[in-house]
1. Could you check region 59-77 and list, in sequence order, the residues that are over 16 Å from T131 (Cβ atoms) and in contact with a His (Cβ under 8 Å, 6 or more places away or on another chain)?
2. Kindly evaluate L7 against the criterion of being on the phi < 0 side of the Ramachandran plot and touching a residue at least 60 places away in the same chain (Cβ under 8 Å).
3. If you check D39, D48, which single one turns out to be under 17 Å from A149 (Cβ atoms) and either of a type in the set (V, I, T) or out of contact with any Asp or Glu (no Cβ under 8 Å at 6 or more places or on another chain) (or both)?
4. Give the number of residues within region 10-35 that are within 18 Å of T101 (Cβ to Cβ), in contact (Cβ under 8 Å) with a residue 60 or more places away in the chain and not β-branched (V, I, T).
5. Inspect region 132-143 for any residue being polar (S, T, N, Q), modelled with pLDDT of 95 or more, farther than 26 Å from E6 by Cβ and touching a strand residue (DSSP E or B) at 6+ places or on another chain (Cβ under 6 Å) and give the result as yes or no.
Amino acid sequence: MTGMAELSDRFLQACARRKILVATAESCTGGMIISWLTDIPGSSSMVDRGFVTYSNEAKMEMLGVSADTLEAHGAVSQETAAEMANGALEHSRAGITLAVTGIAGPDGGSEEKPIGLVWFGLAMTGKPTVTEKRVFQNLGRDYIRRETAKHALEMGLRELE
């Protein structure tokens, strides 16, 4: 098993122990997290669904992210990540959701929001929503996306254990 497969399996086993399903709300990773999870045999008993919400319209339509939030803070923000995580919880049967929104590059960065900036949101039924910010080294789009997916699963594992 690769490192990513092992991490995905550990996360799913933690969901199984808690008897909860997982859903993802992904922007910059384009479905990578849910793909890693569903690569694991037996994942269907712990995975509910994945939302790939690359555009602002998708974030609003599929997850209920507020247009006001997107206008005031942008797609890559703590507020948007939190609303994505909460929206995934509301629009699924999951007990835990992992949300990511960031700038994977090679373009799209700015001084305020550089390439490698990612906001994470995690929502669990009955608990306050958690957000984290990371700025990954700009070692290319693939690197940033993989590190984002890895960090989201690690964040989820910490909350479950």
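1. Scanning region 59-77 gives M62, G64.
2. Yes, satisfied.
3. Sole residue among the options that is under 17 Å from A149 (Cβ atoms) and either of a type in the set (V, I, T) or out of contact with any Asp or Glu (no Cβ under 8 Å at 6 or more places or on another chain) (or both): D39.
4. Matching residues across region 10-35 total 7.
5. Looking through region 132-143, none of the residues is polar (S, T, N, Q), modelled with pLDDT of 95 or more, farther than 26 Å from E6 by Cβ and touching a strand residue (DSSP E or B) at 6+ places or on another chain (Cβ under 6 Å).
The values are calculated or read from the model by the stated rules, or taken from the named source; none is laboratory data. Model, not experiment: these values are computed from the prediction. With ideal geometry, Cβ positions are generated from the backbone for all residues, glycine too; neighbour counts draw on all protein chains shown.
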